Each structure stands twice: as C-alpha cells, then as structure tokens.
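Below is one structure, written out as structure tokens; the observations come after it.
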Amino acid sequence: MKIILGVAGWTFRLIVLAILLFLMTNCTMLGLNYASLEVGNKPDARPEIDAASLAEWEAGREGLVQTFEALVYGPWPEGQDVQLVGRRMVDDTLAGGRGTLEELKIRVGSGKGARSFHVALALPKSDRPVPLIISQTFASNCGAFPGAPLTAPDGGDCADHEGVPGFIEAIFGEFIALVPIEQYFAHGYGYATWQAGEFIPDRQEEARAIMEAMAGEGVTAPTGTLAGWAFGFSAIIDVLEDDPAIDSARVAVLGHSRHAKSAMVAAVHDRRIAAVVSHQSGFGGAASSRSQTGETVERMVDGADLLGFLQMPGYPHWFAPAFADYAGRTEDLPVDQHQFIALVAPTPMLLGNGRRDVWSDPNSTYRMAEAADRVYELYGTDGLDQSGMQDFDPAARLSYFLRPGGHSITQRDIDAFLAFLDAALPRGNEMPDRANEDSLSP
Ligand code: GCU
C-alpha cells in the first residue's frame, strides 16, 4: 500500500512538473525560451504598405481603420456620453509633499447601459501645466498606490483589500501594479491610472452583455473589450483636457500586455493622444497575427486544453466576434498589425519587449515595426531608427525596446518609458503641431 501511495505521489509531482515546464516554455511570463534576433529570414509583412505619398496614405487611412473595426477590434464606441461624476482630494502631500493624489469617478454612457470607473490621479506640484501619462492596468488603484484611501473596484475601501501578493510581483515585476510615482514626478509627469475591468469586466459573458447594453440611439457600443477599454482612455482625456493643471498637448497613454493592445487602439482613434507606451502588447497588439510564434487567433479565441485536462482561458471577448472566423486561417485575414502600427503614425510610440517573453513575440513585433516605418517616414519623421532588435533609440518616433527577461514591468522598463517619453513630449515650445502634421511631411 505504502509503495502504491509513494508511486502515486511521485507521479503526481512529475505531472505538476511537466505542466510547469510546459507553461514555462510556452507561456507569457515564466518563459524559458529566447526570442530570435534574426528578422531577415521571415516572409515580408503582408499586405505591403505601398502608399507612395502621405496624401495617398491619408486618403486610405479611414478605410483601413474601418477594416480593423469590422474584422479585428469591433467599432470605436462613438457618441457615448462621458461625465465626471466625482472628484476628491485623497492626499495633498503625496511623495513627501511633492504632489497630490486625487480620485475621479467617470461615467460613460447613460441609462441602464451606463458604466463608471475610478481614476487615481497623481499630479506633481508645479507652477505650469504638467504632461500626463494615463495608464490602464489589470491591477486595482489600491495596488497602484498602496496605503492610499482610494476606492476599490468593488466600491469598497482600499484599506479592506489585500495588496498585490508578493509572488505576483516576483513573476511580473516590481511595477506590475505599483506606480513608481517619485520617478514620474522627478521627470515632471502627472500620472493617472485606472483598472480597465472596473469599466468593462474581463470576463467573456459578462463583458459581452455589458457591451451590448451600451448601445443606444445614435450611440455605438463596442463589441470587443479592447476597443471598449481604449475608449476609457479617451473618456479620461475628455474630463481632464480643460484642467489648467494639465498640459493637454502632452498626454501619453501607457499599457502593459492586454492594456498595451488597448493603448494602441486608443491612439488609432483618438488623435489627441501625443505618445504611446505599448509594453509587451503581443498578439492583437504590435505582433504579427500571422506569426506562428507565441499566440495565434485560435489560441486567442478558444483558449487551450493543456495535457487534456488543464483548460487555459481564451479571450474572444477582447475582439470583434468576426475575428474568431480567422481561427485556423490567418492567411485569409486581409490585414496584419504592421498596418495597425502605421495607423498610430505619426504619434510617437514605444514598443516594449522582453527577450524571454516569446509568447508576446518580440521578433514579429520588430518586423511589424519595420514594415510600419514607411508610414512614419511619409510623415517626415525618422520612424524606426535602429539597426536591429537590440539597438534601442528612445528618441525615435517609433521606438523598439528589448530587454532580457520575461513578461513584466521592471525598473529597466520604467527607465525606457521615461527616456522615450522625455523625447516624445519635449517641454518648451518645440512640440510639433499635431493639428498640422502636414508641415512635417517632406
Ligand atoms: C494572455 C494573453 C495575451 C495577453 C496577456 C496579458 O497571456 O494570451 O495576449 O497579452 O494575457 O494581458 O497579460
């Protein structure tokens, strides 16, 4: 009997080990693999961006946006009412007195489809308007500013909520939830953060029902959460753009992973956004949808059944329902993500990557950026200005950053974000006039 129990125990341990190894070689965060640095040996991005002039690109831009809406992300939620329904001071001596922490409550939509969410807004004390970084995250505002008496996503008090468990930080990095506000203040930035799931929950059935209820007379409802979450960035800009403390010409959006995808969607649709930090966006972000490395359409929409009994979730609700039709036939998809990156142009964008984060596919992300570069150049900028995946140039309009390590937000990432943002949002009067980008064209 003892022997049988012993064998069963060891079999169980071996199975757990096998699952762990499987996850570590295939999964986002614990990756043991390295992304290849070789980019010249892959098929060209398809379809090729062949606009011969800026005018030609711009003439086709709206049509391309509509194709992405129809097939990939669903519509931009046009016409939703946005209201600031609450604003209160939480701490007027944040970071040793260097700034303030406020809480905003924003309502999107009206009637029974209305949704609200809270934003934690940290502003450095300054005698002039400050540039603002708006960050969307899966972590609650309680985790972003631990100890501050903010509202938890369930409407309760942060004081009654456990912080982010240590093992999460160990896996996903020190700054996966925590905002290093002293560092942002030291560079003169204000920082607004909110949890996307408070607006539209990241749960398939609930999300679909909530998005459907957002439809109304003359009001478009999102059909994918990425577009819905992206709209949250715009709602925050709506309520803050006339705030005299904020420099509304210098508003950046920042997101990690699924929120890096939605930060890109926001920048495509909301041209007030002056810079984008899209960190480890992967599939449905800056990585190629056709690449077989990392995630694929079928894995995204169906999830995966590991070893026959461990169900990994899929995320079909992030996308337009039509996207699921491309599972197993990505070659038929008429667009790929180099075109999506190009739709962000000429807005400066940082594409952050981790060498072990193969799931997010740093290699195809670089190839997509190379193919999108053409459009940044049509706008008269240098676009992607590096010789390879490791040649980071934070001052480039389209900047690709690769560091060692996995799917996480670490100090190295914060340093890269700040170097990029300082170059993308220069202080003084040297900010390009975005309403008149033609002046930049050759
Ligand atoms: C999953 C998903 C990715 C996503 C990531 C995240 O791994 O497959 O596409 O980027 O979650 O948001 O952390």
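The values are calculated or read from the model by the stated rules, or taken from the named source; none is laboratory data. Computed from a prediction, not measured in an experiment: that's the story for all the values here. So basically every Cβ, Gly included, is an ideal-geometry build from the backbone, and we count neighbours across all protein chains shown. Just so you know, the surface numbers come from the protein's heavy atoms only, side chains and all, with ligands and any DNA or RNA stripped out. Shrake-Rupley method; radii C 1.70, N 1.55, O 1.52, S 1.80 Å.
A full extension of the chain between E48 and E78 corresponds to an added length of 7.8 nm, given 0.36 nm per residue minus the alpha carbon distance. Suppose the Debye formula is applied to equal point scatterers at every Cα of region 33-440; what is log10 I(q)/I(0) at q = 0.06, 0.08, 0.11, 0.13 Å⁻¹? These q points yield log10 I(q)/I(0) values of -0.21, -0.39, -0.77, -1.12. Taking Lys and Arg as +1 and Asp and Glu as -1, the other residues whose beta-carbon sits under 15 Å from that of A263 total +2. The calculated pair-distance distribution of region 237-324 uses every alpha carbon pair, bins of 10 angstrom beginning at 0, and gives 16, 37, 27, 14, 6, 1 percent.
In this structure, the amide hydrogen of D247, modeled 1.01 Å from its nitrogen in the peptide plane, lies closer than 5 angstrom to those of V130, L132, counting only residues at least 5 positions away or on a different chain. Ranking L226, L178 by solvent-accessible area of protein heavy atoms (1.4 Å probe, all protein chains present), from largest to smallest, gives L178, L226.
Compute the length gained on full extension between W10 and Q204: take 0.36 nm times their separation in residues and subtract their Cα-Cα distance, giving the result in nm to one decimal. Can you show the working numbers first?
Numbers: separation 194, 0.36 × 194 = 69.84 nm, distance 3.69 nm.
Gain on stretching W10 to Q204: 66.2 nm.
Taking amide H atoms as placed 1.01 Å from N in the peptide plane, the amide H of I49 has no partner under 5 Å among residues 5 or more positions away or on other chains. Across the accessible surface of the chain, with the other protein chains kept in place and a 1.4 Å probe, carbon and sulfur atoms take up 53 percent. With a simple spin-label model that places each label point 7 Å from the Cα along the Cα-to-Cβ direction, the separation between D243 and I171 comes to 3.3 nm. Of the chymotrypsin sites (Phe, Trp or Tyr not before Pro) in region 123-219, not one is in a loop by DSSP (not H, G, I, E or B) with at most 15 other beta carbons within 10 Å.
Dividing the summed helix terms, -39500 (n - 2.57) for each DSSP H run of n ≥ 4, by the number of residues in the chain produces a 222 nm estimate of -10000 deg cm²/dmol to the nearest 500. Other residues within the sphere of radius under 9 Å centred on the Cβ of L398, judged by their own Cβ, net out at -2 (K and R +1, D and E -1).
Spin-label pair L310-A55: with each label point 7 Å from Cα along the Cα-Cβ axis, the two points sit 5.8 nm from one another. Rounded to whole numbers, the Karplus 3J(HN,Hα) couplings from phi for region 352-364 are x, 9, x, 4, 8, 8, 5, 4, 8, 6, x, 5, 6 Hz, using 6.51 cos²θ - 1.76 cosθ + 1.60 with θ = phi - 60°, and x at Gly and Pro. Within a Cβ distance under 11 Å of M89, other residues only, what is the Lys/Arg minus Asp/Glu net charge? Charge balance in the 11 Å sphere: -2. For the charge dipole of the chain, defined by +1 on Lys and Arg C-beta atoms and -1 on Asp and Glu C-beta atoms about the Cα centroid, which residue among S262, I4, G232 has the Cα displaced farthest towards the positive pole? Towards the positive end, the residue furthest out is I4.
Here r is the Cβ-Cβ distance between S110 and R271 and R0 is 35 Å; the resulting FRET efficiency, rounded to 0.05, is 0.90. Taking 0.36 nm per residue of sequence separation and removing the Cα-Cα distance, the A70/R329 pair yields an extension gain of 91.5 nm. A 1.4 Å probe run over the chain, with the rest of the protein chains in place, finds 41 Å² accessible per residue. Diagonalising the gyration tensor over the Cα atoms of region 87-148 and scaling each eigenvalue by 5 before taking the square root yields semi-axes of 24, 14, 11 Å, largest first. Remark: region 272-422 projects, on average over all directions, an area of 9.8 nm² (convex hull of Cα atoms). Between amide H atoms placed 1.01 Å from N, distances below 5 Å from A152 occur with D157, C158, all of them 5 or more places distant or on a separate chain.
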